[in-house]
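The values are calculated or read from the model by the stated rules, or taken from the named source; none is laboratory data. Because the structure is a prediction, the values reported are computed rather than measured. Note that we place each Cβ from the backbone using ideal geometry, even for glycine, and neighbour counts take in every protein chain shown. Surface accessibility is based on the protein's heavy atoms, side chains included, excluding ligands, DNA and RNA. Shrake-Rupley method; radii C 1.70, N 1.55, O 1.52, S 1.80 Å.
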Amino acid sequence: MIKNSIVGYPRIGEQRELKKALELFWNKEIDFNELEDKAKELKKRHWNYQKDSNIELISSNDFSYYDNILDTSILLGAIPKRFRNLENEELYFAMARGNKNAVAMEMTKWFNTNYHYIVPELSLEDEYKLNSSKIINEYKEAKELGIKTKINLIGPFTYLSLAKRVDGGDCIELLAKIKPLYEELLQEISTLDDEIFVQIDEPIFSTDKNSKLLGLLKSTYEDFCQISANIKIIVTTYFDHSIEATKVLIHTPIYALGLDFISGKENLQSLELIKMSNKKLFAGVVNGKNIWKNDFEKTIQLLDNISNSILKDNIVISTSCSLLHVPYTLKYEEKLDTEIKSWLSFANEKLEEIRILSKIFFNQELTNEDKNEIEQNRKIHKDKKSSNKIHDMNVQNRIKNSSKFSRDGIFEERIKVQKEILKYPELTTTTIGSFPQTPEIRKARLEYKKGLIDKNSYEIKMKEYIDYSIKIQEELGLDILVHGEPERNDMVEYFGEQLKGYGFTQNAWVQSYGSRCVKPPFIYGDISRPKPMTVQWLKYAQSKTSKVVKGMLTGPVTILNWSFVRDDKERSEVATQIALAINDEIDDLQKNGIKIIQVDEAAFKEGYPLRDEKRVAYEKWAVESFKFAVSSADAKTQIHTHMCYSDFNDIIKTIEDMDADVISIETARSGNKLLKIFAKVGYKQEVGPGVYDIHSPRIPSVEEIEKQIKLLLEVLPKKQLWINPDCGLKTRKWEEVIPSLKNMVIAVNNIRKENG
Ligand code: GLN
Ligand code: ZN
């Protein structure tokens, strides 16, 4: 009887070995054989880690050189036309990264995580053909090491739902084309062993976008189960509940359901149905998305609760989702405070948690070491409740006693006062905040961090950069200036590092896409701001010009969404604490002569829950925390916000509720299409729709920008419009930024003249 499993394991390597090998391969410093050897070594190591923790059902095909949705496209032979002259690794990496003849396939976020997948491009006329070699080889690779794996697959419904149709139409119409390939694959898999487990991931059923799919679910999985009696199919969902799909799947002959009981507590409502179907339940009770130590007592309670319905023999202890979303191991964290470190658990520590939980839950004999670990776990969670590293009464009281949660006055009145003071023209030109991150400023920041240069030399370097960017902006004739953000490596980390309650790791890398990894900071305790975070830089920049310099902050929702967040407090409460710190910063900025302050909410939209039923609650606290953050701004201080994705259609009312005086958004690649919603709802506040795309090194021409501005003017009146690029310019070079902005200013001047 299988007692435990995990949904999947990360692949980038605990020292980012895969990243490094990939980059060497792309630079032609190693050949593909060497890359393959590195991959084999990593797979072996990862399987062994799981084996060492007595994980009974270990996965294969959770490895990927780049992305497992891309792997699925290769599996199904879903190769866009522009790549069909290529094969093998050349084909694979060209699809992911493009080459000189063909642009890369699009990449987008995997549900509400920070992992990005390669969007399949499908078409009705394409012929699809199975290529199962990766899956079969990986199974054999593990078997040679003595491990019989479960084979992980991305399910057809999820694959199709995340794909795009290049010929228009709905991807699900292509089910009839790809279903036979899945069947052929299952047939091949069935010959590998006497008994074989196949985990089919269908997280799409944790979203609301599934009504059309549900009708097709039963027959599809019934047919899959017909292929061969020796295949045991586990259909796995994660990131939220999947109650509707469970209702259908229990009537198919699948072997098991894998459900997330962390982000989808509602799955508990399915237990009676699962019990009646007598299926196995892979119970996701160890969080695969967060980095906190599992509380054994609570988890055993949860498992006991589950076993009130489901026979213990039918329960398999598992993770809530793949461990892909957490770092590898705490063992390289030498600088973390020991108390804080004792609260954390990364992938390998989570494997150990599963081992112990299985022993407790299934009443296996505990060694003294196990007993010790269990006692430690209890004690850590008990002590944490009263740790002074977490609980800051001052912050809690300030929030409790706050009485002002939004700005004074209404927009129409504020904007009059602001325009009198700021005196900006129509079609005001500005930028989104950052200017090129040059090698010099990166070096200065790094050297300062390492203690190689002193504070004074560091500040001189930053001020030189600010001087330069102010001078450039004045020469270009921009109306509202920025300081350029040279002191920031990252818009969240910069603030996190200065806030109390935030923790940082040395090596906790998580794959974001391909070879790219991020090291999200984590919030462990009540948040407070010991001292001003941006004032000195803004004050300095403003002292260098008679034009208005716009201050630049990151908003509470974005700071929250791009961090690992403590799990002993509601996200809404944590957001309020961050908002309070930003609130103080805004007050300090305005007291120091900063008249416009932009509060970026780049990650506002990605925090949306997968389920509509949870949406209202998110929108409520997200808007409230933004409003609380900016509530310290006087009516005469102009508040901007910036969001860098495009589709506002379903959130426009929420954006309006945020009550920012000006919002800048990304629109360049879609003309005026995305702006229309602002006109449609009668949006009152001012808007800065991007007039050129900053993601490419291309320099937009004057004509092109003029055309874009004219498109915008078809939708909104000029008194409501600001003119700016799509997003911050930190990834660009000065040689690209200067001519681009120059053309932008010329274009605006031409249009101003034309309009008299
Ligand atoms: N102010 C930030 C910048 O310009 C905004 C970045 C973002 O929206 N991602 O870099
Ligand atoms: Zn942006």
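Data overview
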{"item": "Residues located in region 372-416, provided they are more than 30 Å from ASP657 (Cβ to Cβ), among the basic types (Lys, Arg) and open to solvent by 40 Å² or more (accessible area, probe 1.4 Å)", "result": "ARG378, LYS379, LYS382, LYS385, LYS389"}
{"item": "Candidates SER701, SER670, SER664 - the one that is open to solvent by 20 Å² or more (accessible area, probe 1.4 Å), of a type in the set (S, T, N, Q) and within 16 Å of ligand 2 (Cβ to nearest atom)", "result": "SER670"}
{"item": "Subset of region 175-204 (residues that are part of a helix (DSSP H, G or I) and either surrounded by fewer than 22 Cβ atoms within 10 Å (Cβ to Cβ) or at pLDDT below 95 (or both))", "result": "LEU175, ALA176, LYS177, LYS179, PRO180, LEU181, GLU183, GLU184, GLN187, GLU188, SER190"}
{"item": "Tally of residues being surrounded by fewer than 20 Cβ atoms within 10 Å (Cβ to Cβ) and either within 16 Å of ligand 2 (Cβ to nearest atom) or among the aliphatic types (A, V, I, L, M) (or both) across region 417-466", "result": "7"}
{"item": "Qualifying residue in region 235-243 (condition: assigned to a loop (DSSP other than H, G, I, E, B), small (Gly, Ala, Ser) and surrounded by fewer than 24 Cβ atoms within 10 Å (Cβ to Cβ))", "result": "no"}
{"item": "The one condition in (1) open to solvent by less than 30 Å² (accessible area, probe 1.4 Å); (2) closer than 24 Å to SER322 by Cβ that SER123 fails to fulfil", "result": "(2)"}
{"item": "Region 467-488: number of residues that are within 16 Å of ligand 2 (Cβ to nearest atom) and either in contact (Cβ under 8 Å) with a residue 60 or more places away in the chain or open to solvent by 50 Å² or more (accessible area, probe 1.4 Å) (or both)", "result": "2"}
{"item": "Identity of the residue in region 490-509, open to solvent by 30 Å² or more (accessible area, probe 1.4 Å) and within 30 Å of ILE723 (Cα to Cα), that ends up nearest to ligand 1 (Cβ to nearest atom)", "result": "MET491"}
{"item": "Residue satisfying condition, being out of contact with any His (no Cβ under 8 Å at 6 or more places or on another chain), charged (D, E, K, R) and surrounded by fewer than 20 Cβ atoms within 10 Å (Cβ to Cβ), within set LYS350, LYS341", "result": "LYS341"}
{"item": "Residues located in region 704-741, provided they are farther than 18 Å from LEU675 by Cβ and either within 13 Å of ligand 2 (Cβ to nearest atom) or open to solvent by 10 Å² or more (accessible area, probe 1.4 Å) (or both)", "result": "GLY728, LEU729, LYS730, THR731, ARG732, LYS733, TRP734, GLU735, GLU736, ILE738, PRO739"}
{"item": "Residues satisfying the stated conditions in region 299-314, i.e. in contact (Cβ under 8 Å) with a residue 60 or more places away in the chain and touching a helix residue (DSSP H, G or I) at 6+ places or on another chain (Cβ under 9 Å)", "result": "ILE300"}
{"item": "Unmet criterion (only one of (1) within 31 Å of the chain's Cα centre (by Cα); (2) within 30 Å of GLY501 (Cα to Cα)) for THR431", "result": "(2)"}
{"item": "Residue among GLN577, GLN598, GLN542 that alone is in contact (Cβ under 8 Å) with a residue 24 or more places away in the chain, crowded, with 22+ Cβ neighbours inside 10 Å and within 16 Å of ligand 2 (Cβ to nearest atom)", "result": "GLN598"}
{"item": "Looking only at region 451-489, and only at residues there that are in contact with a helix residue (DSSP H, G or I) (Cβ under 7 Å, 6 or more places away or on another chain) and in a loop (DSSP other than H, G, I, E, B), the one that is nearest to ligand 1 (Cβ to nearest atom)", "result": "ARG488"}
{"item": "Count of residues meeting criterion [in contact (Cβ under 8 Å) with a residue 60 or more places away in the chain, open to solvent by 80 Å² or more (accessible area, probe 1.4 Å) and farther than 20 Å from ASN4 by Cα] in region 26-58", "result": "1"}
